[in-house]
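Report on one structure; see the data block that follows.
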Ligand code: AMP
Ligand code: MG
């Protein structure tokens, strides 16, 4: 069975194609800005502009045509409204034109479920660290529950904001990581874990103050030292919550998800924690950590397989009007979704 997944919750337009568990294509194009963050309407325009080309490249890569596709999946939320609508309508249009069933999936859960496509992971705690989202998630009683999360910004957006303040460009996470390698001393920063949640905005303010002190020559630490320290600080915060969730839920596995998961230092710290706690760690490759169409296709496939035949028949989009009105859920939280496919 061939499934095509469309991802458009934020900056990335991605198309993934899988044949059962096998990846046939994973093609994406990401909206970027010279300065400042994402402007949702502009990101949506980007997605509409690149959609046909990315689809064609994905089909070529997979050596198939639309006629070979058995199911189309799209991310219905959470995410930026205009971006979600651009992607969902594109996917619904394909469903209508080619008479292929269409299924919407939750983006955060897709980051989690991808683990079961690429490995033998059974029942992990997901440390989901992306641009907009930072959540520690695990399955309990029929749902993926959020055991801890950021109270303000996502870890990726936090690193991007810091990098923007330093004037080193976007996306900032990898740039901060590069400078961190040259850091020589640890500079104490606020460490903000409240119960099972973390908060990052105060740390950002503190970092900005420290940058100004460096500029005025009042301190002996450097920008590189700050980059090193911020990674140690905030990664420890997320790992502390993850570790507590693991023991609270009595799980044996940790899975990393989201673009910040590409960070080598975070992976190293996670590995160390898992060794000490006797847990198994799963780290997907970079292309599957950051936003991608493959994880959307995989969750769509899992959901579809769990449906009855008559439910499957209902899924194909039947009119142009239905294409425009295809459902998106910009605010759908992970724990609002009933997990019927496990
Ligand atoms: P996502 O929203 O999951 O696609 O992830 C995007 C976020 O991941 C951006 O905020 C990036 O700055 C961040 N990111 C990507 N690579 C790295 C890295 N090596 N270290 C830290 N953050 C990263
Ligand atoms: Mg994501």
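Where a number appears in this text, it was derived from the coordinates with a stated rule and is not lab data. Source: prediction; values computed, not measured. All Cβ positions, glycine included, derive from the backbone under ideal geometry; neighbour counts span all protein chains shown.
What the table shows:
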{"quantity": "Compactness index (Cα Rg / 2.2 N^0.38 Å), segment 141-290", "calculated": "1.08"}
{"quantity": "Share antiparallel - DSSP beta bridges, the chain, percent rounded to 5", "calculated": "60"}
{"quantity": "Segment 161-191 versus segment 26-43: alpha-carbon centroid distance in Å", "calculated": "21"}
{"quantity": "Packing-based exposure ordering (other Cβ within 10 Å, fewest first) of 276, 243, 140", "calculated": "276, 140, 243"}
{"quantity": "Angle in degrees between helix 155-166 and the longest Cα principal axis of the chain, rounded to the nearest 10", "calculated": "50"}
{"quantity": "The chain: angle of helix 201-215 to the longest principal axis, Cα-based, in degrees nearest 10", "calculated": "50"}
{"quantity": "Full-extension gain in nm, residue 141 to residue 201, via 0.36 nm per residue minus C-alpha separation", "calculated": "18.3 nm"}
{"quantity": "Extension gain from residue 191 to residue 22, taking 0.36 nm per residue of separation minus the Cα-Cα distance", "calculated": "56.7 nm"}
{"quantity": "Candidates 67, 77, 169, ranked by Gaussian network fluctuation over the chain, Cα under 10 Å, top entry", "calculated": "67"}
{"quantity": "Segment 50-93: C-alpha pair distances exceeding 15 Å, %", "calculated": "50"}
{"quantity": "Nitroxide proxy distance, nm - points 7 Å out along Cα→Cβ at residue 276 and residue 182", "calculated": "3.0"}
{"quantity": "Pairwise Cα inverse-distance average, inverted: Kirkwood Rh of segment 210-342 (Å)", "calculated": "19.1"}
{"quantity": "Order of 122, 338, 251 - criterion: other Cβ atoms within 10 Å of each residue's Cβ, fewest first", "calculated": "338, 122, 251"}
{"quantity": "Reciprocal of mean inverse Cα separation for the chain (Kirkwood radius, Å)", "calculated": "20.7"}
{"quantity": "Rel. contact order, % - alpha carbon contacts under 8 angstrom, at least six apart, the chain", "calculated": "26"}
{"quantity": "Sequence-separation-based contact order of segment 121-283, relative, with Cα cut under 8 Å and 6+ spacing, percent", "calculated": "29"}
{"quantity": "Residue exposure sequence - 159, 151 - by fewest surrounding Cβ within 10 Å", "calculated": "151, 159"}
{"quantity": "Net length gained if the chain between residue 216 and residue 331 were fully extended (0.36 nm per residue, minus Cα distance)", "calculated": "37.1 nm"}
{"quantity": "On Cα atoms only, tilt of 40-62 relative to the major axis of the chain in degrees", "calculated": "60"}
